[in-house]
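Visitor: Take this structure, written in structure tokens, and hold onto it; I'll ask about it next.
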Amino acid sequence: QKEVEQDPGPLSVPEGAIVSLNCTYSNSAFQYFMWYRQYSRKGPELLMYTYSSGNKEDGRFTAQVDKSSKYISLFIRDSQPSDSATYLCAMIDSGAGSYQLTFGKGTKLSVIP
Amino acid sequence: DAMVIQNPRYQVTQFGKPVTLSCSQTLNHNVMYWYQQKSSQAPKLLFHYYDKDFNNEADTPDNFQSRRPNTSFCFLDIRSPGLGDAAMYLCATSGMRGGAVPETQYFGPGTRLLVL
């Protein structure tokens, strides 16, 4: 079983829809959770960074962490064509001392005008 | 404004011909990372530097080497590229390791390597 599971999609939604992207993980030592957005042929760009269970909101984006279920989500409200990208979840096991990221494989999202 | 810069953006090399990819950063971060990302896959960490301290991932092939001559620059050397080394190579940086809260990683735009 991979440490981080993420449905690769592709996910296609109409403009204005609410998008839900999810990752599950098996390592309970993961303490820090990130969502990166990666446009085609570009490097990943940090969107959200959370630590505790619960919700964190930034504009149209909401990150949700449920440590008891080992499940994290990213919600995008009022989705726009410019949101079309691959979304990568990433996690850090700070107890390992190296602060290295463990990524999911990414979900490819297309927002159709 | 660019914080993590990678050159070149696209690199074509021949099978077995050594190639060097470069990364520079204006963030003055202690830690620099090199990742390999193949199509539809997650980035895979190759190695990282904490200052001058080099840390190699156990499954990184010997074909891949790295140099960090100073804080700002880091190089990835592929000694004898094979067809399987064609990928996007991402450089990332983060602030001092060991703080109470891990610093996030900032990625460059990547160098896409094609091996003929």
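Visitor: Would you check if residue B:80 is touching a Pro at 6+ places or on another chain (Cβ under 9 Å), without any contact (Cβ under 8 Å) to a residue 24 or more places away in the chain and in a loop (DSSP other than H, G, I, E, B)?
Guide: Considered against the rule, which asks whether it is touching a Pro at 6+ places or on another chain (Cβ under 9 Å), without any contact (Cβ under 8 Å) to a residue 24 or more places away in the chain and in a loop (DSSP other than H, G, I, E, B), residue B:80 comes out as no.
Visitor: Now, a different point. Check whether at least one residue in segment B:57-64 is within 8 Å of another protein chain (Cβ to nearest Cβ), at pLDDT 90 or above and touching a Ser or Thr at 6+ places or on another chain (Cβ under 8 Å), and report yes or no.
Guide: no
Visitor: Looking only at segment B:1-59, which residues are β-branched (Val, Ile, Thr) and either touching a helix residue (DSSP H, G or I) at 6+ places or on another chain (Cβ under 8 Å) or open to solvent by 80 Å² or more (accessible area, probe 1.4 Å) (or both)?
Guide: B:12, B:26
Visitor: Same structure, new question: Residues in segment B:77-91: is at least one within 10 Å of the chain's Cα centre (by Cα) and more than 13 Å from every other protein chain (Cβ to nearest Cβ)?
Guide: So far as segment B:77-91 goes, yes, one or more of its residues are within 10 Å of the chain's Cα centre (by Cα) and more than 13 Å from every other protein chain (Cβ to nearest Cβ).
Visitor: More than 13 Å from chain B (Cβ to nearest Cβ) and not acidic (Asp, Glu): is that true of residue A:21 in this structure?
Guide: yes
Visitor: Do the conditions hold for residue A:80, that is, is it more than 30 Å from residue B:113 (Cβ to Cβ) and facing chain B (nearest Cβ under 10 Å)?
Guide: no
Visitor: Kindly state which strands (runs of 3 or more DSSP E) lie completely within segment A:21-99 and contain at least 3 residues that are within 26 Å of residue B:88 (Cα to Cα).
Guide: Of the strands (runs of 3 or more DSSP E) lying wholly inside segment A:21-99, those with at least 3 residues that are within 26 Å of residue B:88 (Cα to Cα) span A:32-38, A:45-50, A:85-92.
Visitor: Those residues that are at pLDDT 95 or above and in a loop (DSSP other than H, G, I, E, B), I need them from segment A:1-20; list them, please.
Guide: Result: A:15, A:16, A:17, A:18.
Visitor: Of the residues in segment A:24-39, how many are free of Cβ contacts under 8 Å to residues at least 60 places away in the same chain, touching a Lys or Arg at 6+ places or on another chain (Cβ under 8 Å) and within 14 Å of chain B (Cβ to nearest Cβ)?
Guide: Count: 0.
Visitor: Mind listing whichever residues of segment B:36-65 are out of contact with any Phe, Trp or Tyr (no Cβ under 7 Å at 6 or more places or on another chain) and not in a loop (DSSP other than H, G, I, E, B)?
Guide: Once the filter is applied, which keeps residues that are out of contact with any Phe, Trp or Tyr (no Cβ under 7 Å at 6 or more places or on another chain) and not in a loop (DSSP other than H, G, I, E, B), segment B:36-65 yields B:37, B:49, B:50, B:53, B:64, B:65.
Visitor: Name the single residue, out of those in segment A:74-90 being surrounded by 18 or more Cβ atoms within 10 Å (Cβ to Cβ) and touching an Asp or Glu at 6+ places or on another chain (Cβ under 8 Å), that is farthest from residue A:35 (Cα to Cα).
Guide: Going through the qualifying residues, I end up with A:79.
The values are calculated or read from the model by the stated rules, or taken from the named source; none is laboratory data. Computed from a predicted model, the values in this text were never measured in an experiment. Virtual Cβ from ideal backbone geometry, glycine too; neighbours counted across all protein chains shown. Just the protein is used for accessible areas: all its heavy atoms, side chains included, with ligands, DNA and RNA removed. Shrake-Rupley method; radii C 1.70, N 1.55, O 1.52, S 1.80 Å.
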